[in-house]
Ligand SMILES: [Zn+2]
Ligand SMILES: [Zn+2]
């Protein structure tokens, strides 16, 4: 279970394979972006901040890198811990208890018809809608599922943590959304979202793990079927994880350029590793963004004379090929675009550009 400091919690999450990013002290929202990242029209795609170890763009900056995590939370021991659900392969069922009158009958369990004769007066929150959904499907109420990690929230809600299998990628939703929802007052945290780590404390209370399993169980089949039915399936072609040889590759490229600089090697390792990891967990758009950002960063190192353009291009091409073997031409276009943008912005570690 997570330890009793934020740093210990963050490291524990990373140990589970869950990338983490900081949250505002005492809040459940990410920290503000840097000034450059707040300019209108700026998007996470191609942004150099995450690769430069800045925490801009919330869960986009989430990392498993224990050095970075240690630095972030040693310097800022009061920052909360967010977990990026998509790359962590987590699906969290977020049960809310917001005091609000129920919506129209067709919006309570989207896709399930509720006859006018059914009395819904007892229905007050997400605990009720989830219990009814489980009963409808002949299943036990997941809110009482002690085989998985359950976390009580300061507002009296409950987070049910589950692991997605390797063939399915799930999308986020809000229980109030007309576009996609499992049930009223039930949010889904998955790709494109984050979740507050257990033991995080806010002024209103603690995200408190309940009795039962301290780690997430596999997502039950019937809940997967319900997510599928309600449009939560994220189209994705899974790729086997490529071997972790990014560090060696980075070392080689930096040495080839005669610039045996440790920080440069580390930056290269990080961006190549991100491409590596991304082949397994991201959809097409996510992969494009990561590859573009990596090329931008390495373009900056080339412009500052830390590595040669050939070495950078070769390293990016290899990492991209390992992650997405079927799309070399597309990858080269992304690399060329990102690199040419980066070449205009020389990057020297530790110095702002
Ligand atoms: Zn930034
Ligand atoms: Zn940015």
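A short reminder: the numbers here are calculations on the coordinates, not readings from a lab. This is a predicted model, so every value here is computed, not measured. Ideal geometry is used to build each Cβ from the backbone, glycine not excepted, and the neighbour counts take in all protein chains shown.
Ranked highest first by average number of other Cβ atoms within 10 Å, how do 160-168, 204-212 line up? Show your work: numbers first, answer last.
Details: 160-168: 18.3, 204-212: 14.2.
So the order, starting with the most tightly packed, is 160-168, 204-212.
Could you tell me whether the chain comes out rounded, prolate or oblate from its Cα gyration tensor? Rule is a ≥ b ≥ c as square roots of the eigenvalues, rounded for a/c under 1.5, then prolate if a/b exceeds b/c, otherwise oblate. Mind showing how you got there, number by number?
On the way: a/c = 2.31, a/b = 1.86, b/c = 1.24.
Because a/c hits 1.5 or more and a/b exceeds b/c, the chain counts as prolate.
Please determine, in degrees from 0 to 90 and to the nearest 10, the orientation of helix 262-281 with respect to the longest principal axis defined by the Cα atoms of the chain, where the helix direction is its Cα long axis.
40 degrees
Could you tell me the convex hull volume per residue, in Å³, taken over the Cα atoms of segment 1-143? Kindly include the intermediate steps, with their values, before the conclusion.
Working: hull volume 25.4 nm³, N = 143.
Taking only Cα atoms, segment 1-143 has a hull volume of 177 Å³ per residue.
Say R0 is 41 Å: what FRET efficiency, to the nearest 0.05, do residue 74 and residue 317 get from their beta-carbon distance? Walk me through the numbers on the way to the answer.
Details: r = 36 Å, r/R0 = 0.88.
The value I calculate is 0.70.
Ranking 339, 332 by Cβ neighbours within 10 Å, fewest first, what do you get?
On the way: 339 23, 332 16.
The fewest-first ordering by Cβ neighbours comes to 332, 339.
What is the spin-label model distance, in nm, from residue 144 to residue 105 if the labels are put 7 Å beyond Cα along the C-beta direction?
Spacing of the two 7 Å Cα→Cβ label points: 2.8 nm.
What's the FRET efficiency of residue 118 with residue 206 using the Cβ-Cβ distance as r and R₀ = 41 Å, to the nearest 0.05? Don't jump to the answer; show the numbers that get you there.
Values: r = 37 Å, r/R0 = 0.91.
With a Förster radius of 41 Å, E is 0.65.
So what is the 222 nm mean residue ellipticity for the chain from helices alone, if each DSSP H run of at least 4 adds -39500 (n - 2.57) and you divide by all residues, rounding to the nearest 500 deg cm²/dmol? All intermediate terms of the calculation are to be shown ahead of the outcome.
Details: 10 runs with 126 residues, N = 353.
So the calculated ellipticity at 222 nm is -11000 deg cm²/dmol.
Can you give the FRET efficiency for residue 225 and residue 345, using 1/(1 + (r/R0)^6), R0 = 45 Å, r = Cβ-Cβ distance, to the nearest 0.05? Kindly include the intermediate steps, with their values, before the conclusion.
Values: r = 48 Å, r/R0 = 1.06.
Rounded to the nearest 0.05, the efficiency is 0.40.
Does anyone have the angle between helix 309-323 and the longest principal axis of the chain? Alpha-carbon axes, 0 to 90°, nearest 10?
30 degrees
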